[in-house]
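Report on the structure given below.
The values are calculated or read from the model by the stated rules, or taken from the named source; none is laboratory data. Remember, it's a predicted structure, so these values are computed and weren't measured experimentally. Neighbour counts run over all protein chains shown; Cβ positions are idealised from the backbone, glycine included.
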Amino acid sequence: MDDRQHLVGLRAEMSSVCGMFALAMVMFDRTETRDILRLAVSSVGALGPYYAQGSYLVDETGMHSSDGDDSLIAPLMALGGADGTVEVSGAAWSWAFPMRALSGNTGYLVVSADQEPSIDQRFLLTTLAQLTGAALVSADLHRRERTSTAELGDLNARLESTNEQLQGAVTDLQQRQRIHEVLSRVAAYGGGTAGIADAVHDLTGLAVVVEDRFGNLLAWAGPGRPRTYPRPQPRIRAELLSRVRRTGRAMRHRNRIVAVAQPRDEVLGVLSVVDPGQQAAERDVFALEHGAVVLAMELAHQHALAEAELRLRRDLVDDLLSGVDNESAWARAAAIGHDLHHPHLVVVARWVGPLRDEDVVTALGRAASRVLGSALLTTRRRGAAVLVVPQPDEVGGRAPWTELHRAVASLVRSGNGSIGVGRPCEEPAELPRSYSEAVRALEVRMAAVGAGGATTFDELGIYRLLAAGAGDGEVRAFVREWLGPLIDHDAANRSDFVATLWQYYECGGNYDATARALTIHRSTLRYRLGRIRDLTGHDLGAVESRLNLHVASRAWRVLGGSGAGRDDVHPPE
């Protein structure tokens, strides 16, 4: 071969090399495996009289043919990544060129020819296979980078969303912590219902209402307080509380959000925010519900204190009426905020009708607070309401007991009741005596005509002789001495001579008034009085007989005569 032919061949090889570099640039611009392999296969014929039999890729699952021809997979796997000859039907020469890269073998490029190429031509084919392998690796890295970038972007987006959620959760937790601290501070420092209402108002910015279970206003914080607070209907109120209890959370009712203060199974109160514009957020509802918990503890505490104080007061009153030493009485009274160092007296009241004893005790306590204007101790004893009160001052020279009776009658809506008042005692140890006197005054009052009213022991006059008690033998003997024949006649004949005599004297000896009181005719009354004179042998109009017979008949009434009905009201033994 002369120099000219050599130069032509060299130029051809240089042209092939330049084309190879150009092809490499094109391949490295591709990011899809299919495009790179198609360029490699189509470029085989440009390097010489060669035929591309196909390309085979290797991945983690094994080797795969890019054109679906799997006949050469086994021989190629046998090469183990090295280049070498393979048999292709109808081809004189076939060679497997590994598509190597720095990361390893990515597969094979199989080329056939009618005759074996020269060393330089095989170098070009080897370079083509290696460039293809490098381009495949580059494309894979590019895809992975793109995937990683997308995943990183998605991760960043998720992290940003998570951070926002975390920041929101932290803010919400801080707000809830502040709500907890504010309301706990109110509970710890004894702010009461008004303090709880003020705290929830400060936390929510909404008007806050505290009610008892019946709908009575206990406290209001914020604007819009009505001058007259409306009272709900009991049925509607009960239905509302039942719905709130069933939900277990605060719920909207008209223009309010309502939460119940329920320490156990009993609703003690209601806490609500006024929200006509529906502006309350979840944080505000949390403040409301937490406030309801604090309100439940506050109301339960108040209820327990009230019950304990009432129990202590009644225990003290019971002991005072039974008898207790002065030092103990003074100390126990001071513990519940009552001063027994001043003179005190006992008031006993009983009302006839469908009234519970507890209702009378409550009404007597309220009336005494209003009329007497001083501290008092109450209890219930032997069917009667009992007060231990400081000795009141007389207004206009009159004692306040008649006014006290009117006040109790107004509260219980019945005037069919009587009040007995004992004398003042300088020391607590003397109170059993005042109680005994009050009971006797009550019994005498209830035995009199027109029982409704108040009677003090000082007003009993001669009837103080009965103050020794129903079991006193002298009193019974006195009654028997003056009324014995009448009592025996009434028992034997079912007559009412003793009652007639008592009514006659109670009416001041007036025939017409007595007849009307007994609902009998005047002539019948005249007959009965005549029979009474005959049976007793006494002149009913004589001064001495009249006095003794009147006292005896009153004693008969007080000691349990017909219609007295006072067996359950007696002084202590």
Check R311, R332 and return the single one that is among the basic types (K, R) and either touching a residue at least 12 places away in the same chain (Cβ under 8 Å) or closer than 24 Å to P424 by Cβ (or both).
R332
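Conditions tested, residue by residue: (1) in a helix (DSSP H, G or I); (2) surrounded by fewer than 21 Cβ atoms within 10 Å (Cβ to Cβ).
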position	(1), (2)
V258	no, no
E266	no, yes
Q278	no, yes
A292	yes, no
M297	yes, yes
Sole miss for D359 among (1) of a type outside the set (V, I, T); (2) surrounded by 15 or more Cβ atoms within 10 Å (Cβ to Cβ); (3) assigned to a helix (DSSP H, G or I) is condition (2)
Restricting segment 199-210 to residues that are touching a helix residue (DSSP H, G or I) at 6+ places or on another chain (Cβ under 8 Å) and part of a helix (DSSP H, G or I), which is surrounded by the most Cβ atoms within 10 Å (Cβ to Cβ)?
V200
In segment 176-197, how many are surrounded by 17 or more Cβ atoms within 10 Å (Cβ to Cβ) and more than 16 Å from the chain's Cα centre (by Cα)?
5
Does segment 309-323 include one or more residues that are under 30 Å from R381 (Cα atoms), outside the structural domain of L404 (by TED's automatic domain parsing) and surrounded by fewer than 12 Cβ atoms within 10 Å (Cβ to Cβ)?
yes
Which one of these is hydrophobic (A, V, I, L, M, F, W, C), modelled with pLDDT under 85, assigned by TED's automatic domain parsing to the domain that holds M20 and in contact with a strand residue (DSSP E or B) (Cβ under 9 Å, 6 or more places away or on another chain): L102, L136?
L136
Where a residue in segment 265-278 is over 21 Å from H301 (Cβ atoms) and modelled with pLDDT of 95 or more and its partner, wherever it lies, is acidic (D, E) and in a strand (DSSP E or B), with Cβ under 7 Å and at least six apart
none
Any hit, segment 135-145, residues being within 60 Å of the chain's Cα centre (by Cα), over 20 Å from F21 (Cβ atoms), surrounded by fewer than 17 Cβ atoms within 10 Å (Cβ to Cβ) and not basic (K, R)
yes
Kindly list the number of the only condition in (1) more than 18 Å from the chain's Cα centre (by Cα); (2) surrounded by fewer than 19 Cβ atoms within 10 Å (Cβ to Cβ); (3) in the same structural domain as S272 (by TED's automatic domain parsing) that fails for L173.
(3)
